[in-house]
Amino acid sequence: SCPRARTTMAFVVACTPNEDNSSAASEEEASSAFSEEASDVVSEEVASTVLEASEAVRAGNGGRAVDLLEAAFAAEPWIRRHFKEDYAIAADLWAETAETTDDALGRWLRCCRSWPENDLLLLSLGRGAAKRGLDLEARAAFRSAQHTTGDAAVEALAHECARRANSRLVEAWHWRMLDDRERNEALREAIRRERRGREENSDFRVLEVGVGAGLVALAAKEAGASVVAAVDRSRALAGVAKRVFAKNGDVDVDLSVGDSSALLVGLDENDDDDREETPPFLPQKKKKRFDLVVAEVVDAGLFGEGALRTLAHAAKL
């Protein structure tokens, strides 16, 4: 059962006229939130549309419920504020049934454009984005909910959710690693040594897996790499790296967001490939292998960052 759907139906019953044009339910029987609208009634057509939306939610058809509610709001704009939670539930249900993350976000964003001041809808978007590991998008949604709502409890919840999403964007150990000069210089020297072992004018193609702030990519460029590519699963860190490259003379680095295991290299146009497609957030299939791949993905527990799978795939790049 869906308690929110029952609330919707209670409101419709309370505001639908009887044959004698009086309310179908007394104010005591209707939700107190609707009592101030006792003088207003909805048309039978709008009442039927809202009830149909309620049934669509029960049946798990969030997209249908969203369309029906929006039609009801267009016909009777004054009822919109009474269905804030119902609309957020329908939107969440619609997004959760999407086959891909992009489709889910697209559905949430469509609903947010339709009702940008719906704080519960923004919370739903934030929760869905966080669930999919999109902490940057989650933080933006939670912050929007925090600044949109007039409810102190919702504001406090949105603030805490935004804080947690923000803390996941850049974990604390990144800062210690960035300040580890011995580590950083060892990486630079390893890249320089690899470059010195090659002919002066030969191609030197370098890939960094887990770009972080982009220090390895910068070191590769300093060492004379002809091509530098970098990939990171975190949109936030990739954004930081992009700004670092810009501040260091607009360094030319092929930067991508996603899992490195989706990168495909060394393939000719006619080669067979067991993947149906390359994810849109990664570069097109590379036709030439890299000369050097740097993948420092070993955590304190050795295997916590999927090191074995990442390194096994990196060896093929």
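The values are calculated or read from the model by the stated rules, or taken from the named source; none is laboratory data. In this text the structure is predicted, and so the values were computed from the model without any measurement. Virtual Cβ from ideal backbone geometry, glycine too; neighbours counted across all protein chains shown. In case anyone asks, the SASA skips ligands and DNA or RNA and just uses the protein heavy atoms, side chains included. Shrake-Rupley method; radii C 1.70, N 1.55, O 1.52, S 1.80 Å.
So D92 passes all but one of these: (1) over 12 Å from the mean Cα position of the chain (by Cα); (2) assigned to a loop (DSSP other than H, G, I, E, B). Which condition number does it fail?
Only one criterion in (1) over 12 Å from the mean Cα position of the chain (by Cα); (2) assigned to a loop (DSSP other than H, G, I, E, B) is unmet by D92, namely (2).
Quick check on E194: is it open to solvent by 60 Å² or more (accessible area, probe 1.4 Å) and free of Cβ contacts under 8 Å to residues at least 12 places away in the same chain?
No: the conditions fail for E194.
Read through the list (1) at pLDDT 85 or above; (2) assigned to a helix (DSSP H, G or I); (3) aliphatic (A, V, I, L, M); (4) under 29 Å from A138 (Cβ atoms), then give the number of the only condition that L187 fails.
Failed condition: (4).
On the basis of being of a type outside the set (S, T, Y), at pLDDT below 90 and open to solvent by less than 30 Å² (accessible area, probe 1.4 Å), does D86 make the cut?
no
Taking A223 as the residue in question, decide whether it is at pLDDT 75 or above, under 26 Å from the mean Cα position of the chain (by Cα) and small (G, A, S).
Values: at pLDDT 75 or above: yes; under 26 Å from the mean Cα position of the chain (by Cα): no; small (G, A, S): yes.
When the stated conditions are applied, A223 does not pass them.
Are there any pairs with C-beta distances below 9 angstrom linking a residue in the range 197-215 that is at positive phi to a residue that is of a type in the set (A, V, I, L, M, F, W, C) and open to solvent by 40 Å² or more (accessible area, probe 1.4 Å), with the two at least 6 apart or on different chains, and if so which?
Hits for this filter: G212/M177; G212/L178; G212/V240; G214/V240; G214/L255.
Being acidic (D, E), open to solvent by 10 Å² or more (accessible area, probe 1.4 Å) and free of Cβ contacts under 8 Å to residues at least 60 places away in the same chain is the filter here, so list the residues in the range 108-136 that pass it. Let's see the steps before the verdict.
Filtering the range 108-136 down to residues acidic (D, E) leaves 117, 119, 135.
With the extra rule that they be open to solvent by 10 Å² or more (accessible area, probe 1.4 Å), the set shrinks to 117, 135.
Passing the criteria: only E117.
Does A153 qualify as being of a type in the set (G, A, S), without any contact (Cβ under 8 Å) to a residue 40 or more places away in the chain, out of contact with any Asp or Glu (no Cβ under 7 Å at 6 or more places or on another chain) and exposed (fewer than 14 other Cβ atoms within 10 Å of the Cβ)?
Values: of a type in the set (G, A, S): yes; without any contact (Cβ under 8 Å) to a residue 40 or more places away in the chain: yes; out of contact with any Asp or Glu (no Cβ under 7 Å at 6 or more places or on another chain): yes; exposed (fewer than 14 other Cβ atoms within 10 Å of the Cβ): yes.
Spelling it out, A153 is indeed of a type in the set (G, A, S), without any contact (Cβ under 8 Å) to a residue 40 or more places away in the chain, out of contact with any Asp or Glu (no Cβ under 7 Å at 6 or more places or on another chain) and exposed (fewer than 14 other Cβ atoms within 10 Å of the Cβ).
Please determine whether any residue of the range 90-104 is buried (at least 20 other Cβ atoms within 10 Å of the Cβ), acidic (D, E) and farther than 17 Å from T148 by Cα.
Yes, that holds for at least one residue.
Out of (1) more than 21 Å from G258 (Cβ to Cβ); (2) modelled with pLDDT of 90 or more, the odd one out for G106 is which?
Just one mismatch for G106, condition (1).
I need a count of the residues in the range 80-101 that are free of Cβ contacts under 8 Å to residues at least 60 places away in the same chain and farther than 19 Å from G60 by Cβ.
Summing the residues that are free of Cβ contacts under 8 Å to residues at least 60 places away in the same chain and farther than 19 Å from G60 by Cβ in the range 80-101 gives 4.
In the list G249, G266, which residue meets the criterion of being open to solvent by 20 Å² or more (accessible area, probe 1.4 Å), at pLDDT 80 or above and either part of a loop (DSSP other than H, G, I, E, B) or aromatic (F, W, Y) (or both)?
Unique residue meeting the criteria: G249.
Of the conditions (1) basic (K, R); (2) under 13 Å from the mean Cα position of the chain (by Cα); (3) within 30 Å of G224 (Cβ to Cβ), R195 satisfies every one except a single condition; which number is it?
Every listed condition holds for R195 apart from (2).
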